[in-house]
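Readers should treat all values here as calculations from the given coordinates under stated rules, not as data from a laboratory. Computed from a prediction, not measured in an experiment: that's the story for all the values here. Here the Cβ positions follow ideal geometry from the backbone for every residue, glycine too, while neighbour counts run over all protein chains shown.
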Amino acid sequence: MSTKQKQIKRDLQKITKELIEIILQKNADYGDSYANLGERGLFVRAHDKVMRLQTLIWEKKQPKVKNETIDDTIKDLTNYCLLWLHFRQQKKKQANL
C-alpha cells in the first residue's frame with residue numbers, strides 16, 4: 001500500500017467513525033424511524049438529500065438552515081445509504097431464518 005493510499009485509508013477511517021457517531025446519535029433521537037417505510041422510505045430520504053445538494057451546488061443557493069452545508073448534506077446522504085445497506089442485510093438475515 002502506497003503512502004497516499006495509507007493516508008486516504010486514515011482519512012476515510014476518521015470520516016466513517018464520525019458518520020457512525022452521527023447515526024448513533026440520531027438513532028437515539030429518532031429510533032429506527034429510517035426503517036419504518038422500508039426501502040422506498042430510505043430511497044425518498046436519500047433523494048431528498050440529493051435534491052438538497054442540487055440546490056446548494058447547481059443553483060448555488062446559500063443554506064438558510066444552520067448546519068445544512070454541502071458537507072453536512074453529504075454526511076446525511078452517506079448515512080442514509082449506510083442505513084439502507086444495514087436495512088437490506090437485516091432483511092436478508094430474517095429471510096434466512
Neighbour-count ranking for Lys66, Lys26 (other C-beta within 10 angstrom, fewest to most) reads Lys66, Lys26
Listed residue (Leu42, Gly31, Ile8) projecting farthest to the positive dipole end of the chain, Cβ model = Ile8
How do Ser2, Ser33 line up, fewest other C-beta atoms within 10 Å first?
-> Ser2, Ser33
Once normalised by the length of the chain, the mean sequence separation of its alpha carbon contacts under 8 Å that are 6 or more apart gives a contact order in percent of 29 percent
About the Cα centre, charge dipole magnitude for the chain (Lys/Arg +1, Asp/Glu -1 at Cβ), debye = 360 debye
Return the label of the correct value of P(r) over Cα pairs in 5 Å bins from 0, in percent, as calculated from the structure shown, out of (i) 3, 12, 20, 19, 14, 12, 9, 6, 4, 2, 0; (ii) 2, 10, 6, 7, 6, 6, 6, 5, 6, 4, 5, 4, 4, 4, 4, 3, 3, 3, 2, 2, 2, 2, 1, 1, 1, 1, 0, 0; (iii) 2, 11, 17, 20, 17, 15, 10, 5, 2, 0.
-> (iii)
Provide the per-residue ³J(HN,Hα) series for the range 7-19, in order, calculated from phi with Karplus coefficients 6.51, -1.76, 1.60 and θ = phi - 60°, each as a whole number of Hz, with x at glycine and proline positions.
-> 5, 4, 4, 4, 4, 5, 5, 5, 5, 5, 4, 5, 4
